[in-house]
1. If packing is taken as the average number of other Cβ atoms within 10 Å across a peptide's residues, how do 286-293, 69-76 rank, most packed first?
2. Can you compute the modelled spin-label distance between Lys302 and Ser137, with each label point 7 Å from Cα toward Cβ, in nm?
3. With every protein chain present, what is the per residue accessible area of the chain (1.4 Å probe, Å²)?
4. At a Förster radius of 22 Å, what calculated FRET efficiency corresponds to the Cβ-Cβ distance of Asn249 and Thr210, to the nearest 0.05?
5. Residues with amide H under 5 Å of Val70's amide H, sequence separation 5 or more or different chain, H placed in the peptide plane at 1.01 Å from N; which?
6. Here are some values of volume of the Cα convex hull per residue in Å³: (1) 222; (2) 201; (3) 162. Which one was computed from this structure?
7. Using a 1.4 Å probe on the protein heavy atoms, what percent of the accessible area of the chain belongs to carbon and sulfur?
8. Once fully extended, how much extra length lies between Ile189 and Leu62, figured as 0.36 nm per residue of separation less the alpha-carbon to alpha-carbon distance?
Amino acid sequence: EEKVELSGKTGEPIPTDSVTTKIAELEKRGYTVENKEPLKGETFDKNKDPENGDPTQVFKLLVKERTVEVTTPPTPNTPVDPNIPDGPKWPETGLAKSDLEKEVTRTITYVKKETADGPEEPSGKEPVTQPAHFKRSATYNLVTKVVTPGDWGSTDNTLTAVPTEKLEGYIADRASVEAVTVPDTSGNITEKVVYTKLGSWVPNLPKGVTPPEGTDMTPKPYPNHPTDPTKPGDPTPGLIPYVPGYTPNVGGTPLVPKNPTDLTEGYTPPTPTDPKTNIEINYTPDPQKAVVKVYTIRDGVKIEL
């Protein structure tokens, strides 16, 4: 308990100078004085104070610890109240920009693999970065020097979905990175989209058999789907070439010709069940027939028997 003792004669105005000084001292220490003029119009009464006891006139100053809400980082060691230059100063820690603002980012990277179990390599696609920003206020107690942070708030912490773009010759592991609402407790987020090389239809002629000149027997990569980066496209009719005397098949099942009346237009390959795995297409000889005719010559004329 703090007090200011005043003395004077009966009927005289009670002096206020020492109380005013006390109020200024309390404000310098960080307090707020609720009633700054408790002696206004007051005079000393005519009651004799008990010897060694309390005075008969007691006036109370109601003071409170002053608190300030901070939304913008102040300059440390400068006056909290410009009107009280020698009063409380802003603290060196607790109210910096990093205490009142923060950014959380979601970074999406894109890599590719030549095989399902192969190493990851750069895909050539640039990463996508999505920021979320958080702000909060803090309360500073000028007396205790304690900083009390408020709750974080954000107006942009719902990150939109990012569709996965097609990478020619590869298949993605997801069609998009989904939308997410980032909580204020989150650290930076990383997501990764993996592209794996599409398989191929691989035509195989029997050993020693040479295809007709101009026949393309190279592997035929599965096409990309026109709209879904996670699926292969439909097989192209006639993509597998015709080789006279041989029929292409997969596991013993003949391929369907593009045009049954003209096999030279090629065959349609099967739809892959695993778009990352090749399909071997083997050419097997067509069944053939041979006829041996027997004849004789009689009187110079050939006669079949």
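The values are calculated or read from the model by the stated rules, or taken from the named source; none is laboratory data. Model, not experiment: these values are computed from the prediction. In this analysis, Cβ positions are derived from the backbone assuming ideal geometry, glycine residues included, and neighbour counts consider all displayed protein chains. With ligands, DNA and RNA removed, areas are computed over all heavy atoms of the protein, side chains included. Shrake-Rupley method; radii C 1.70, N 1.55, O 1.52, S 1.80 Å.
1. Top to bottom by mean Cβ count within 10 Å: 69-76, 286-293.
2. Computed distance between label sites Lys302 and Ser137 equals 11.4 nm.
3. Averaged over the residues of the chain, the accessible area is 65 Å².
4. FRET efficiency, Asn249 to Thr210: 0.65.
5. Correct list: Ala138, Thr139, Tyr140.
6. (1)
7. Its accessible area is 50 percent carbon and sulfur atoms.
8. Extra length from Ile189 to Leu62 when fully extended: 40.6 nm.
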